[in-house]
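The values are calculated or read from the model by the stated rules, or taken from the named source; none is laboratory data. Worth saying up front: this structure is predicted, and the values here are computed from it rather than measured. Every residue, glycine as well, gets a Cβ built from its backbone with ideal geometry; the counts of neighbours run over all protein chains shown. The area values use the complete protein model at the heavy-atom level, side chains included, leaving out ligands, DNA and RNA. Shrake-Rupley method; radii C 1.70, N 1.55, O 1.52, S 1.80 Å.
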Amino acid sequence: MDQKNIIEDNGQREIEFDAKIASGKTIEPKDWMPERYRKQLLRMMSQHAHSEVIGMLPEGNWITRAPSLARKAILIAKVQDEAGHGLYIYSGAETLGMNRSEMNELLMSGKAKYSSIFNYPTLSWADMGAIGWLVDGAAIVNQTVLAKCSYGPYARAMIRICKEENFHNKQGYQIMAYLMRGTDEQKAMAQDAMNRFWWPTLMMFGPSDKNSPNSGDLLKWKVKLNTNDDLRQRFVDRTIPQAETIGLTIPDKDLTWNSETRHYDFGEIDWAEFNEVISGNGPCNKMRLKQRNDAHKNGQWVRDAATAYSSKRAKVA
Ligand code: BYC
């Protein structure tokens, strides 16, 4: 096919692709897709998968110190769920043409991004409550919408992930509610976790719409169905009544209910802090990368054993 025909052919395919998206059908791995759609999805899905895996670290930090056997069992199950989420999303991302070890290399070398929220430390048990309630709560708001996104493998992975995130969210809220019924010291611990995690959780939704370079493409292709600011507002509106119910104060002096818009107005996010964290200079970025690299190195024997086992089985078969 000569150059002119290739261009015409791609033009026609793009028209069909856009029509498919407009009709609400999903794009599947073997369907034709514009190169930029593939690249944007691969960027977003791999970052999402990395976030799930790095997200295991701050919570894993508390497994040995959970205050009871039941809390320990729940936390282990949650951390294990996050590994599963990483696996589903990496598998989905692989359908776009990059294998998991390449994605992992990009993460371990510090070239790939992962959610800013995991670059903050977990200093007390109440942080396990704040992460489950706020961080998983933010993830649910974001991911419930992604479950309807245009790329089939990503949308389907989100359905199961959201179900598990709902459990995580409830256990986090229950930890906070329990502490808020406890001693003054426990209440102070819960409030301190709230104070440290509130603003970083709002940052999870990404930069404000006017500074979000990827949103244009992603909204056009229905990968994103809402803007960063829309989802952030949805999270704020649903979380404030939950905080009030258990007696926690939101650390925002500008927070007010706006009876005209019927939404909460809230203060300005510290975007300088956000930019520092996503550029690798947050409180824990270096530690997280080291922990991830160490975990990979220490897991070499597991990968070797799995490879030996599968080649042994292949010989028997
Ligand atoms: N952190 O143009 P924008 C979880 C980057 S896991 C770091 O608005 P986009 C959980 C962005 O990547 C939660 N980087 O981007 C796990 C871009 O940089 P590049 C993870 C961020 O893609 C374990 C630049 O800033 N969820 O919940 O349109 C335990 C400009 O941004 C962040 C997902 O990944 C950030 N917060 O929108 C517990 C959901 N925000 O790539 C819980 C899927 C922005 O151009 N992802 N950046 O160099 C998304 O929904 C979207 O990718 C985002 C960003 C809303 C995050």
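Of note:
- Low-density loop positions, trypsin sites (Lys or Arg not before Pro), segment 69-175 - DSSP coil, at most 12 other Cβ in 10 Å: Lys111
- Total formal charge among the other residues, if their Cβ is under 11 angstrom from that of Trp32, Lys/Arg +1 and Asp/Glu -1: -2
- Per residue, the convex hull spanned by the alpha carbons of segment 58-189 comes to 113 Å³.
- Computed FRET value (nearest 0.05) for Asp304 with Lys170, which takes r as the C-beta separation and R₀ as 45 Å: 0.70
- Relative to the Cα centre, the charge distribution of the chain, modelled as +1 at Lys and Arg Cβ and -1 at Asp and Glu Cβ, gives a dipole magnitude of about 1240 debye.
- Between the helical axis of 300-316 and the longest alpha-carbon principal axis of the chain there is an angle of about 50 degrees.
- Solvent-accessible surface of segment 170-272, averaged per residue with a 1.4 angstrom probe and all protein chains in place: 53 square angstrom.
- Segment 238-317 shape via C-alpha gyration tensor axes, a/c threshold 1.5: prolate
- Solvent-accessible area per residue, Å², over segment 49-140 with all protein chains present [probe radius 1.4 Å]: 36
- With all pairs of different C-alpha atoms in the average, the Kirkwood value for the hydrodynamic radius of segment 166-317 is 19.4 Å.
- Seen through its C-alpha gyration tensor, with square-root eigenvalues sorted a ≥ b ≥ c, the chain comes out oblate because a/c lies at 1.5 or above while a/b is not bigger than b/c.
- Neighbour-limited loop hits for trypsin sites (Lys or Arg not before Pro), segment 231-317 (at most 13 other Cβ within 10 Å; DSSP other than H, G, I, E, B): Lys253, Arg262
- Radius of gyration (Cα atoms) of segment 1-141, expressed as a multiple of 2.2 N^0.38 Å: 1.38.
- Across the chain, Cα pairs under 8 Å and at least six residues apart give a relative contact order of 19 percent.
- For the listed residue pairs Lys72/Lys297; Lys72/Lys187; Lys224/Lys297; Lys78/Lys111; Lys78/Lys113, the alpha carbons are over 29 angstrom apart in Lys224/Lys297.
- FRET efficiency for the pair Gln12 and Leu106, taken as 1/(1 + (r/R0)^6) with r the Cβ-Cβ distance and R0 = 25 Å, rounds to 0.15.
- Potential lengthening between Lys222 and Ala147 on full extension [0.36 nm per residue; Cα-Cα distance subtracted]: 25.9 nm
- Between 0 and 90 degrees, the angle of helix 136-146 with respect to the longest Cα principal axis of the chain falls at about 30 degrees.
- If the convex hull is drawn through the Cα atoms of segment 190-244, its volume per residue in Å³: 80
- Apolar share of the accessible surface for segment 1-120: 56 percent from carbon plus sulfur atoms, 1.4 Å probe.
- Charge tally in the Cβ shell below 13 Å around Leu248, where Lys, Arg are +1 and Asp, Glu are -1, Leu248 excluded: 0
- Between the helical axis of 184-203 and the longest alpha-carbon principal axis of the chain there is an angle of about 30 degrees.
- Among the GluC sites (Glu not before Pro) in segment 237-317, those placed in a DSSP loop whose Cβ has at most 14 other Cβ atoms within 10 Å are Glu260, Glu268.
- For Lys312, the aspartates and glutamates whose Cα falls under 19 Å of its own Cα, not counting residues fewer than eight places away in the same chain, are Asp304.
- Global geometry of segment 140-229, whether rounded, prolate or oblate, following the gyration tensor of its Cα atoms and the 1.5 cut on a/c: oblate
- Overall, segment 124-191 carries a charge dipole of about 380 debye about its Cα centre when +1 sits on the Cβ of Lys and Arg and -1 on the Cβ of Asp and Glu, all other atoms neutral.
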